[in-house]
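Here the structure is laid out as structure tokens; the discussion comes afterwards.
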Amino acid sequence: MWTWFYKLASPPHAYRSAAAMAPWFLAAAAVMIVYGLVDGLVFAPPDYQQGDAFRIVYVHAPSAWLSLFAYTTMAVAGGIALIWRIKVGYAVAAAAAPIGASFTLAALATGSLWGRPMWGTYWAWDPRLTSELILLFLYFGVISLRQAFEDPARGDRAAALLGLVGVVNVPIVHFSVYWWNSLHQGGTVMRLGKPHMAPSMLWPLLAMLFGFMCFFGAVLCMRVRGEILDRERQSAWVRELVGA
Amino acid sequence: MSVGVLEAMSLVVRREMRLAFRRPDQLLQPLVFFLIVTTLFPLSLSPELSLLRDMAPGVLWVAALLSSLLSLETLFKGDAEDGTLEQLTLSAQPLVAIVIAKTIAHWLLSGAALVLMSPLVATALAIPVGAFPTMLASLALGTLTLSWLGAIGAGLTVGLRRGSVLLSLIVLPLAMPLLIFGASATDRAIGGEGSAGALYFLAALCVFTCTLAPFAAAAALRITLE
Amino acid sequence: MNGAAKMPEPAALLTAEKIHVWRGERHVLRGVSLKVESGRLLHLFGPNGTGKTTLLRVIAGLLRPEQGRVCWDGRPIGEAREQYQSAMAYASHEAALKADLTALENLRYAVGMKRRASETELRAALEETGVGGCADLPARVLSAGQKRRVAMARVLAMRASLWLLDEPYANLDTSGGALVSRLLEEHLDRGGLALVIAHHALELGRSIDRLELSP
């Protein structure tokens, strides 16, 4: 039963499926993000405490969610590649890392912009922002480790292992940062994000969330294609493809 | 007559000890670094004892973390450079056992030495003697856990030319929970509050890391040594 | 040396089948196969950069080939790792000595991982390779040739049936070269196997197999 799996994961097949999937993801992302933005920024009522400033949540929360989702994708893809020696996994992991790091940066930037009207400062050591920052460091570690190796195959494997170690560590970091925050802040600082939301605010948020996920899927497919081409540039099928 | 795993591990520990005592300067450098870093804080902030006491746990822990990282770089590097690590990996012993033995030896030579020296630094930072037991326990658990995390990092960066900065980049984010719980345990002990909670978290992290990290470090070595 | 008393198991066999190794874009080894039997020596040679050391590292189990497999007594070396490693002694082109340890300590910590060897035995091995007088000197002060002899003593003291030697003649004077040849002959007489990388023709008092790697 493994043969179909390996066939599915063969570079030419993965290259073609990624090409086939990308436009669908992109279309779905466009629809949901346009709806989410219009509904969220124009029609949803302003927050009774935060006014219109809260509307940045429509970008911030999906970015934060995607930063974790991309890290998990990267770690799982790397783990599959490492354990079952499926090369496409490394391509997926390598493609996901910079996208995830960008989402993390976006979450940090929007969080700090949101912090300006809320806390009166661009940066507060809010637990969510702090663990987001540590996540960014984890991304940096994985990306730099991959690039540090002269032999790309070894860089891939080393980065995959570090991704796995990191994904075990992420919940621990998250938990310890919240614990640390509860120790020092005592709940005086208003936290970003909120558990209770009116449905009129929630729907656009959900749409943005799924829109971002589809956008991630689309960008991932495109980047994976590039990674596969680069990795397989010596192989017959790529030479044939580019007409060399 | 083949050699048992425990026997081989004890041989590796003795080898590391002998090597370290042939080069005492390398043993002392991280400890001196620990002292120097802690000296930076009173000089840059204020020599006032009450202020120092507030900053002390953080200062102590940051210094301990940095100096441990400094010594971790050498964990596999020397053996990889002179080819003896290759001989060790071909020694018919499990690589995990070799990694465990080397890491334990490394901790005994660096982490344990740092823990023993910490009361000196603590006194200079105006930490009351009453907080020493908690501080020592937290540092012992923290440096041991860091040694395991560092073993993964050292394994991943062993063949690289600019490995030392990368090692810090990789290991420091992983070590942040240690800093949080360790500094907080010390802080609470200074304030006379119960610090058992933070110590338990540290102990749990230590057990968790001791269980998984040797395998990750051995896997890392296999990747980089090829 | 009394090590000669212990014979390796009869009919030990090392095979490598269709080994392929890529180094980045470079296809270093293109389907190399080889076979070494008890009492036989395979001389690996060829111009620089043809993958001799890479092949030896694959056979030692230090490098996993992209394709192909290495078998010891019919079992892939990855499966029978422990038996294979206890039966094998590998000497890379560097001496692999700790500069701060004495020659004797170097042997103790390397050989001691594989088999219990007494100090007299280790000293005898150093004596055999002509560096008995350096046993208690730190490896740091030894010359390149002396280091090479200590490395040979390590191979000898491991009492392995398979020797994998990368350039064992490098840095050695005439007497050193003769010594390595004599040790190899004795090893083969005991029924041992050897895979040796050397640039010049090996002159042993027996027939040897040769494998040339070409670019």
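The values are calculated or read from the model by the stated rules, or taken from the named source; none is laboratory data. Treat the numbers as computed from the prediction; the structure is a model and nothing was measured. So basically every Cβ, Gly included, is an ideal-geometry build from the backbone, and we count neighbours across all protein chains shown. Quick note on the areas: whole protein, heavy atoms, side chains included, nothing else; ligands and nucleic acids left out. Shrake-Rupley method; radii C 1.70, N 1.55, O 1.52, S 1.80 Å.
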Return the residues of region B:210-226 that are within 16 Å of residue B:87 (Cα to Cα) and more than 8 Å from every other protein chain (Cβ to nearest Cβ); say none if nothing qualifies. B:218, B:221, B:222
Run down B:80, B:63 and say which single residue is more than 30 Å from residue B:134 (Cβ to Cβ), in contact (Cβ under 8 Å) with a residue 40 or more places away in the chain and either more than 10 Å from chain C (Cβ to nearest Cβ) or among the aliphatic types (A, V, I, L, M) (or both). B:80
Any hit, region C:99-110, residues being free of Cβ contacts under 8 Å to residues at least 24 places away in the same chain and among the charged types (D, E, K, R): yes
Tell me the residue from A:101, A:30 that is at pLDDT below 95 and of a type outside the set (Phe, Trp, Tyr), please. A:30
Among residues of region A:119-134 being more than 8 Å from chain B (Cβ to nearest Cβ) and at pLDDT 90 or above, the residue most open to solvent (accessible area, probe 1.4 Å) is A:133
Considering only residues that are open to solvent by 50 Å² or more (accessible area, probe 1.4 Å) and closer than 16 Å to residue B:111 by Cα, which ones fall in region B:26-52? B:26, B:28, B:29, B:32, B:33, B:35
Reported set for region A:90-133 where residues are free of Cβ contacts under 8 Å to residues at least 60 places away in the same chain, over 21 Å from residue B:176 (Cβ atoms) and touching a Gly at 6+ places or on another chain (Cβ under 9 Å) is A:121, A:122
Exactly one condition in (1) in a helix (DSSP H, G or I); (2) open to solvent by less than 20 Å² (accessible area, probe 1.4 Å) is not met by residue C:147; state its number. (2)
Within region B:1-13, restricting attention to residues that are at the interface with chain C (Cβ under 8 Å from one of its Cβ atoms) and open to solvent by 60 Å² or more (accessible area, probe 1.4 Å), which residue is farthest from the chain's Cα centre (by Cα)? B:1
Give me a count of the residues in region B:71-115 that are open to solvent by 30 Å² or more (accessible area, probe 1.4 Å) and aromatic (Phe, Trp, Tyr). 1
Taking only region A:173-211 into account, find how many residues are of a type in the set (A, V, I, L, M, F, W, C), under 30 Å from residue B:176 (Cα atoms), open to solvent by 30 Å² or more (accessible area, probe 1.4 Å) and at pLDDT 75 or above. 4
What's the total number of residues in region A:31-87 that are surrounded by 14 or more Cβ atoms within 10 Å (Cβ to Cβ), among the β-branched types (Val, Ile, Thr) and under 30 Å from residue A:157 (Cα atoms)? 5
Is it the case that some residue within region B:116-123 is without any contact (Cβ under 8 Å) to a residue 24 or more places away in the chain, surrounded by fewer than 20 Cβ atoms within 10 Å (Cβ to Cβ) and touching a helix residue (DSSP H, G or I) at 6+ places or on another chain (Cβ under 7 Å)? yes
Of all residues making up region B:153-171, the number that are at the interface with chain A (Cβ under 7 Å from one of its Cβ atoms), open to solvent by 10 Å² or more (accessible area, probe 1.4 Å) and part of a helix (DSSP H, G or I): 2
Subset tally (residues that are facing chain B (nearest Cβ under 8 Å) and open to solvent by 10 Å² or more (accessible area, probe 1.4 Å)) for region A:144-161: 6
Do any strands (runs of 3 or more DSSP E) entirely within region C:11-100 hold 3 or more residues that are open to solvent by 10 Å² or more (accessible area, probe 1.4 Å), and if so, which? C:13-23, C:26-37, C:67-72
Exactly one condition in (1) within 14 Å of chain A (Cβ to nearest Cβ); (2) aromatic (Phe, Trp, Tyr); (3) open to solvent by 10 Å² or more (accessible area, probe 1.4 Å) is false for residue B:132; which is it? (1)
Picking from A:227, A:240, which residue would you name as being farther than 22 Å from residue A:104 by Cα and of a type in the set (Asp, Glu)? A:240
Could you please find all residues in region B:179-198 being open to solvent by 30 Å² or more (accessible area, probe 1.4 Å), hydrophobic (A, V, I, L, M, F, W, C) and either within 10 Å of chain A (Cβ to nearest Cβ) or under 17 Å from the mean Cα position of the chain (by Cα) (or both)? B:179
